[in-house]
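**Student:** Got a structure for you, questions after.
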Amino acid sequence: MTETTTTNATAAAAAPEVLSEVRGQVGFITLNRPRALNALSLGMVRDLMAILLAWQHDDAVLAVAIRGSNKEGPFGAFCAGGDIRFLHQAGSQGNPQLEDFFTEEYALNHLIHNYAKPYIAFMDGIVMGGGMGISQGAALRLVTERTKMAMPETAIGLFPDVGGGYFLARCPGSAGEWLALTGDTIGADLAIACGLADGCIPVDQQAPVWEALGTQQFADAEAVKAFVVARLLPKSQVLQPAAAELAQADAYFALPSVGEIVRALEAADTDWARATAATLRKRSPLMLHVVLEQIRRARSMGLADDLRMERDMVRHCFYLRPGQSETVEGIRALAVDKDHAPKWNPARIEDVTPAMVVPFFASPWPAHSHPLAALA
């Protein structure tokens, strides 16, 4: 390794993973872990919380804007989720920071949903898992023509957390069940149609709008939002292709159980149904049943109660079945050994019983001692 290469590597390692500054009347946040697609570490969660708390009562800051970065510079990748390698290591070795990560991440999600000032998320590129958690509570959720959005947790034996029950349950029809169970990736059109984005901004307009936010004079916080909204594409330009796919999802994912959903898909004679059934057959059978129950419970919950439920669930994902965690096994197969051959237990959707699902929804804490008891 040359001296220059060593210097560059050292500089990259030392660079802050979250950059923040106030320009004009707006606070700007850039996620700065591009080699990991800005996957959230515990340190990043803590930095984001500290920044947002500091700006919440700062009269000089009218609004907050957040973006990701890629290897070439800003934008291009928002956030690929939580740091799953850390989750695997911590879950395998009993690292107590695993508990800290989820408690603090969910508290951050709650703060964003309830933030006192407009929080504007530039959701360019990959927006998955934890990236959805730090964007779905935004006052403005902006997607682009290269946005790739998903809650893909069932592929790693987990469930759509970070408030996923809350925001997916509020998608139209049964779109939430479809996205939660399959983990399918959607673009700008479906994100807007599903109520997971507020508008589309062209890729080449992101930087000019971002820079202008720091140089304009705004009368108040609402004027900041209005400035951005005026630069979005008309919704009619991006919604048209989404209707047919949502109708297909409704036809199957409104059925009462995972077994019935899969049987109906496998009996259908369309490419979409066959591909969707094949996807579900690859996911953790146990977690498919857990996730369907999660989304349907969350439909009648407020955000704080949903996050408390998800905190219970994620505890159980790692500790309910010692040595048999679907999550640890799923991450191993996808990201550690990369054999893409998880050994799910049970192995078949048909072998999951209600008695296996119910314990995921029993809180391990009394209400007054819950890690998220203070959320309102």
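**Student:** Which condition does GLN89 not pass, out of (1) touching a helix residue (DSSP H, G or I) at 6+ places or on another chain (Cβ under 8 Å); (2) part of a helix (DSSP H, G or I), if it passes all the others?
**Tutor:** Only one criterion in (1) touching a helix residue (DSSP H, G or I) at 6+ places or on another chain (Cβ under 8 Å); (2) part of a helix (DSSP H, G or I) is unmet by GLN89, namely (1).
**Student:** A further question follows. Among the residues of segment 64-86, count how many are assigned to a strand (DSSP E or B) and either modelled with pLDDT under 95 or within 21 Å of GLY43 (Cβ to Cβ) (or both).
**Tutor:** 9
**Student:** Please work out which residue is surrounded by the most Cβ atoms within 10 Å (Cβ to Cβ), limiting yourself to segment 165-205 and to residues that are of a type in the set (Asp, Glu) and more than 17 Å from the chain's Cα centre (by Cα).
**Tutor:** My answer is ASP189.
**Student:** Now for a different question. Mind listing just one residue for me: the one in segment 209-222 that is in contact (Cβ under 8 Å) with a residue 60 or more places away in the chain and of a type in the set (A, V, I, L, M, F, W, C) and, of those, nearest to ASP58 (Cα to Cα)?
**Tutor:** ALA221
**Student:** Consider GLU99 carefully, then state whether it is out of contact with any Lys or Arg (no Cβ under 9 Å at 6 or more places or on another chain), closer than 19 Å to HIS316 by Cβ and of a type in the set (Asp, Glu).
**Tutor:** No; evaluated as a whole, the condition is false for this residue.
**Student:** Quick one: how many residues across segment 334-346 are surrounded by 13 or more Cβ atoms within 10 Å (Cβ to Cβ) and at pLDDT 95 or above?
**Tutor:** 4
**Student:** Separate question: When you scan segment 262-285, how many residues do you find that are aliphatic (A, V, I, L, M), surrounded by 15 or more Cβ atoms within 10 Å (Cβ to Cβ) and out of contact with any helix residue (DSSP H, G or I) (no Cβ under 6 Å at 6 or more places or on another chain)?
**Tutor:** 1
**Student:** Being of a type outside the set (Gly, Ala, Ser), more than 30 Å from ILE156 (Cα to Cα) and touching a helix residue (DSSP H, G or I) at 6+ places or on another chain (Cβ under 9 Å) narrows it down to one residue among VAL229, VAL224; which is it?
**Tutor:** VAL224
**Student:** Which of (1) of a type in the set (A, V, I, L, M, F, W, C); (2) closer than 20 Å to VAL314 by Cα; (3) in a loop (DSSP other than H, G, I, E, B) is the odd one out, the single condition VAL61 does not satisfy?
**Tutor:** Of (1) of a type in the set (A, V, I, L, M, F, W, C); (2) closer than 20 Å to VAL314 by Cα; (3) in a loop (DSSP other than H, G, I, E, B), only one is false for VAL61: (2).
**Student:** Against the conditions (1) more than 22 Å from GLU177 (Cβ to Cβ); (2) surrounded by 15 or more Cβ atoms within 10 Å (Cβ to Cβ), where does ASP306 fall short? Just the number, please.
**Tutor:** (1)
**Student:** Still on this structure, please answer the following. Given SER20, SER41, which one is more than 29 Å from PRO364 (Cβ to Cβ), among the polar types (S, T, N, Q) and modelled with pLDDT of 95 or more?
**Tutor:** The conditions single out SER20.
**Student:** While we're here: How do the pairs read when you match residues in segment 308-321 that are without any contact (Cβ under 8 Å) to a residue 24 or more places away in the chain with residues anywhere that are part of a helix (DSSP H, G or I) and among the polar types (S, T, N, Q), using Cβ under 6 Å and keeping only pairs 6 or more apart or on different chains?
**Tutor:** Partner pairs satisfying both residue conditions: none exist.
**Student:** Looking at segment 155-204, which of the residues that are among the acidic types (Asp, Glu) and assigned to a helix (DSSP H, G or I) is farthest from ILE295 (Cα to Cα)?
**Tutor:** Step by step, filter segment 155-204, then rank; the result is ASP204.
**Student:** I've got another one for you. Which pairs turn up if I take residues in segment 85-109 that are crowded, with 17+ Cβ neighbours inside 10 Å and look for partners that are of a type outside the set (A, V, I, L, M, F, W, C) and part of a helix (DSSP H, G or I) with beta carbon separation below 6 Å, at least 6 apart in sequence or on another chain?
**Tutor:** Qualifying pairs under 6 Å: ALA90/GLN97; LEU98/GLY91; TYR106/ARG311; ASN109/GLY133.
**Student:** Let me ask something else. Of all residues in segment 228-244, count the ones that are part of a helix (DSSP H, G or I) and surrounded by 17 or more Cβ atoms within 10 Å (Cβ to Cβ).
**Tutor:** Total satisfying the criteria: 3.
**Student:** Another question about this same structure. So which of ALA335, ALA374 is free of Cβ contacts under 8 Å to residues at least 24 places away in the same chain and among the small types (Gly, Ala, Ser)?
**Tutor:** Checking each option against the conditions leaves just ALA374.
The values are calculated or read from the model by the stated rules, or taken from the named source; none is laboratory data. Given the structure is predicted, the values throughout are model-derived calculations rather than measurements. Ideal geometry is used to build each Cβ from the backbone, glycine not excepted, and the neighbour counts take in all protein chains shown.
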